[in-house]
Amino acid sequence: MLVRGRVVGTSYTVSFEILKDKKGVYLKVKLPDNPIEYSVDCPCLEPLELLGLFLPALEEEIGEVQGVFVEEVVGNGQTFLEKVKRLIRGDNE
């Protein structure tokens, strides 16, 4: 799953990308001076949970957070019906 969006602060608005796969969760926040990149080798966190853990650090860079806006969510290319069919067949990819 890929999640893209923006964090709006009082000083800056920055974009973010979060990728979650079977191996873990990867976060990239595009700050004006230096981007933040972080990864967790466990898929136990949801994408926005990981972003939420970084909000206090982002506030130091962009000012008080006014909002977090998700602009795009891209799944793994499967519809809900396709996922159900795979479960019934026993495919565990």
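Nothing in this text is a laboratory measurement; each read-out follows from the coordinates by a stated rule. All values derive from a computational prediction rather than experimental measurement. Heads up, the Cβs are rebuilt from the backbone with ideal geometry, glycines too, and the neighbour counts pull from every protein chain shown.
At 0.36 nm per residue, minus the direct Cα-Cα distance, what do GLU17 and LEU31 gain on full extension? Give it in nm, one decimal, please.
Working: separation 14, 0.36 × 14 = 5.04 nm, distance 1.20 nm.
Additional length available on full extension: 3.8 nm.
A protection proxy built from the mean count of other Cβ atoms within 10 Å ranks the segments 16-24, 35-43, most packed first, as 16-24, 35-43. Residue separation of VAL65 and TYR38 scaled by 0.36 nm, minus their Cα-Cα distance, works out to 7.8 nm of gained length. Quick check: the angle from helix 80-89's long axis to the longest principal axis of the chain, C-alpha only, nearest 10 degrees? The helix 80-89 is inclined about 40 degrees to the chain.
So what's the convex hull volume per residue for the Cα atoms of segment 2-89, in Å³? Can you show the working numbers first?
On the way: hull volume 8.4 nm³, N = 88.
Value for segment 2-89: 95 Å³ per residue.
So what's the net charge close to LYS28: Lys and Arg +1, Asp and Glu -1, counting the other residues with Cβ under 15 Å from its Cβ? Within the 15 Å Cβ shell, the charges total -3.
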